[in-house]
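Colleague: Please find one structure pasted underneath; my questions will follow.
The values are calculated or read from the model by the stated rules, or taken from the named source; none is laboratory data. All values reported here derive from a predicted model rather than from experimental measurement. Here the Cβ is made from the backbone with ideal geometry for all residues, glycine too, and neighbour counts use every protein chain on show.
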Amino acid sequence: MTRRGLHRLIRHPGPRRKAVVLGALGITVVLGLTATMVPLLADDNLAIPVVADTTATMVAQDGDNSVKTTLATCPARCDGNPRGGRDAVLAFLVTSLPANATNVRATLRVHAWQALNATVTAHASTLDATASRPAPERVSTVLDTVTGVGKGFNEWDVSGLVTGNGIWTVSLAQAGLATRVYWASAENRNADVRPNLVISYSVGTGPTSAPPSATLPPTAEPTRAPVSPSASPSASPTPARPSPSATPPPADSGKCGKVSEKLVPSCGAWWGMYSPTNPATWDHGRAVTDVEAQVGRKFDIVHRYHDFSNTGSNGAFPDTFQQEQMREGRLMFFAWESRVFSSGTVLTWKDVYSGRYDETIDAVAGRIRAVGQPVFIGFDHEPEDEPAKGSDADFVRAWRYVHDRFTAADVRNAVWVWTMMGWSGHYDRYAGLYPGDRYVDWVAWDPYNFHVCNGGTVWKSPSTTIGSFYRWLDEKGLGAGKPRMLAEFGTNFDVNDPNAKRRWFEEFPAALKAHPKIKAAIYFNSPGVTTTTKTCNMTMNHDAASLAGFTAAGRDSYLRQPTGGSR
């Protein structure tokens with residue numbers, strides 16, 4: 001890469017876009033994208049994919065229903081079993097309703113494979129949709145009833161439950177037929193039959209109601225109360241409840257939905273996003289939620305770059321936007337750069353380890369400690385591309401110095417991510433840039449399918465794009481045993497093949513599965529990574545086909561963790 005880190009300095013303006021969520025209904029992407037170019041109108045629709053589902057049952061042999069491709073409903077006496085009752089439990093995360101939405105209507109749609117003479121009632125649920133087999137609950141608030149299950153999608157009006165943004169859980173209870181009805185679940189291979197929630201609304205002047213108090217899933221409070229920062233930060237974060245469990249799974253459990261204390265998911269991978277902020281608003285929250293609305297899901301990880309100014313959103317992190325994102329269940333990745341964005345000042349690594357910036361380091365350490373939940377942090381990503389900052393040995397010394405000050409400040413929730421370019425031209429340097437296993441929790445690199453963006457002509461598949469440095473790490477044993485991350489990744493499009501970028505995204509989950517040590521992938525959705533031209537655009541949403549492919553990738557079960565941000 002030859003971009004010399006310009007994306008760390010330049011803010012790229014862009015048009016405001018209406019929040020249109022593309023969900024499992026297969027809504028035409030072209031229409032959705034076209035709609036983003038006009039002012040917000042009344043009676044918009046949101047199609048929200050299910051974020052977690054399970055079958056509530058008392059039957060032991062039903063196993064882990066939260067990972068099955070089907071849901072089941074059945075009365076209490078089912079198939080001759082007097083305790084065979086089953087309810088389908090579905091949870092939806094609504095984040096895209098505008099504050100002035102009125103006349104909100106919500107329709108639950110769940111697919112059945114055959115028509116059956118059964119009555120199925122939808123009711124508000126307090127069950128955990130991520131649990132393997134929760135016990136059925138007594139029907140509470142009845143929302144709507146379907147009399148006679150139809151082949152294909154069946155619909156229930158759940159407007160009485162979904163009153164605004166938040167997490168909403170519905171249970172389906174069956175009567176009238178004493179044998180099971182099977183429904184498609186979120187894990188079904190055919191995305192077109194997965195459950196979804198269709199929301200329509202008009203635009204008014206009043207705010208939507210507050211999100212519900214239910215969480216998905218409930219998580220433990222920190223076992224140790226956060227210690228007050230030693231320095232007085234310019235913005236004290238509000239402690240947020242940790243989204244992941246701090247308890248790592250047993251080595252042989254094979255269970256999904258667990259997260260280690262170093263934020264490693266027990267299976268699959270986190271799906272993350274870096275999206276630049278529009279300088280017309282400096283709304284760092286919308287920089288993420290606008291993209292989430294387009295792809296129909298929340299991201300597990302939000303990646304932002306910060307500097308050593310220790311002021312404002314650039315330096316006094318986590319800021320209020322990030323605190324809110326953490327409260328909503330996302331993980332933060334703070335990429336901390338030894339420079340000052342506003343002035344363009346570049347610090348040397350000697351400046352850092354000389355003690356000149358101890359006050360800044362200690363203030364950041366105090367704010368992160370006060371967060372009360374694990375966060376990703378990296379010091380000077382891609383240092384091999386920073387010759388003005390010093391030698392490789394200077395980088396290692398600066399990294400260890402910052403890390404040691406965090407340790408001295410009793411910061412136990414910082415998860416350290418060592419991020420390289422991963423370019424073969426620097427393979428001979430990486431061992432000398434590695435701070436050591438004691439100082440690194442994750443090993444990361446920034447692979448791109450540049451195609452013609454860098455003057456070449458080679459189109460690299462996802463596996464080729466991410467595979468070279470992956471294999472080199474295996475061969476050299478650098479960071480052996482550490483989880484791996486794509487701290488940035490991206491692809492150009494092919495002007496001669498309009499669907500090439502879409503296919504690249506659709507193939508990406510399979511490439512991750514073939515490289516299982518990669519436990520997180522963060523898209524760098526900024527035109528600042530290269531010069532954007534008629535043949536070069538690395539953003540994931542620069543056209544309808546690209547957005548459709550990226551949306552499809554984000555629906556893959558490998559990238560939909562049952563804990564964290566992605567529900």
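Colleague: Looking at region 369-401 only, could you name the residues that are of a type outside the set (Lys, Arg) and in contact (Cβ under 8 Å) with a residue 60 or more places away in the chain?
Modeller: 370, 371, 372, 373, 374, 376, 378, 381, 382, 385, 386, 398
Per-residue answers, yes or no, for (1) charged (D, E, K, R); (2) within 25 Å of residue 557 (Cα to Cα); (3) over 27 Å from the mean Cα position of the chain (by Cα); (4) at pLDDT 90 or above:
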| site | (1), (2), (3), (4) |
| --- | --- |
| 147 | no, no, yes, yes |
| 153 | no, yes, yes, yes |
| 158 | no, no, no, yes |
| 165 | no, yes, no, no |
| 172 | no, yes, yes, yes |
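Okay, residues lined up against (1) closer than 26 Å to residue 474 by Cα; (2) surrounded by fewer than 19 Cβ atoms within 10 Å (Cβ to Cβ); (3) touching a strand residue (DSSP E or B) at 6+ places or on another chain (Cβ under 9 Å):
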| site | (1), (2), (3) |
| --- | --- |
| 503 | no, yes, yes |
| 512 | yes, no, yes |
| 524 | yes, no, yes |
| 530 | no, no, yes |
| 535 | no, yes, yes |
| 543 | no, yes, no |
| 550 | no, no, yes |
| 554 | no, no, yes |
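Colleague: Could you say which residue among 159, 171, 140 is surrounded by 21 or more Cβ atoms within 10 Å (Cβ to Cβ), under 30 Å from residue 98 (Cβ atoms) and of a type in the set (Ser, Thr, Tyr)?
Modeller: Only one candidate qualifies: 171.
Colleague: All but one of (1) part of a loop (DSSP other than H, G, I, E, B); (2) charged (D, E, K, R); (3) touching a Lys or Arg at 6+ places or on another chain (Cβ under 9 Å) hold for residue 428, so report the exception by its number.
Modeller: (3)
Colleague: Considering (1) surrounded by 21 or more Cβ atoms within 10 Å (Cβ to Cβ); (2) within 22 Å of the chain's Cα centre (by Cα); (3) among the polar types (S, T, N, Q), say which one residue 323 fails and leave the rest.
Modeller: For residue 323, the failing item is (1).
Colleague: If I ask for residues that are surrounded by fewer than 24 Cβ atoms within 10 Å (Cβ to Cβ), out of contact with any His (no Cβ under 7 Å at 6 or more places or on another chain) and either at negative phi or at pLDDT 95 or above (or both), which ones from region 308-318 would you list? Explain how you work it out, then say what you get.
Modeller: Going residue by residue through region 308-318, those that are surrounded by fewer than 24 Cβ atoms within 10 Å (Cβ to Cβ) are 308-316.
With the extra rule that they be out of contact with any His (no Cβ under 7 Å at 6 or more places or on another chain), the set shrinks to 308-312, 316.
Residues satisfying the conditions are 308, 309, 310, 311, 316.
Colleague: Something else about it: Going through region 24-50 one residue at a time, which ones are surrounded by fewer than 23 Cβ atoms within 10 Å (Cβ to Cβ) and at pLDDT 85 or above?
Modeller: none
Colleague: Loosely packed, with under 14 Cβ neighbours inside 10 Å, assigned by TED's automatic domain parsing to the domain that holds residue 74 and either closer than 26 Å to residue 256 by Cα or at pLDDT below 90 (or both): does that describe residue 135?
Modeller: On the way: loosely packed, with under 14 Cβ neighbours inside 10 Å: yes; assigned by TED's automatic domain parsing to the domain that holds residue 74: yes; either closer than 26 Å to residue 256 by Cα or at pLDDT below 90 (or both): yes.
In short, yes.
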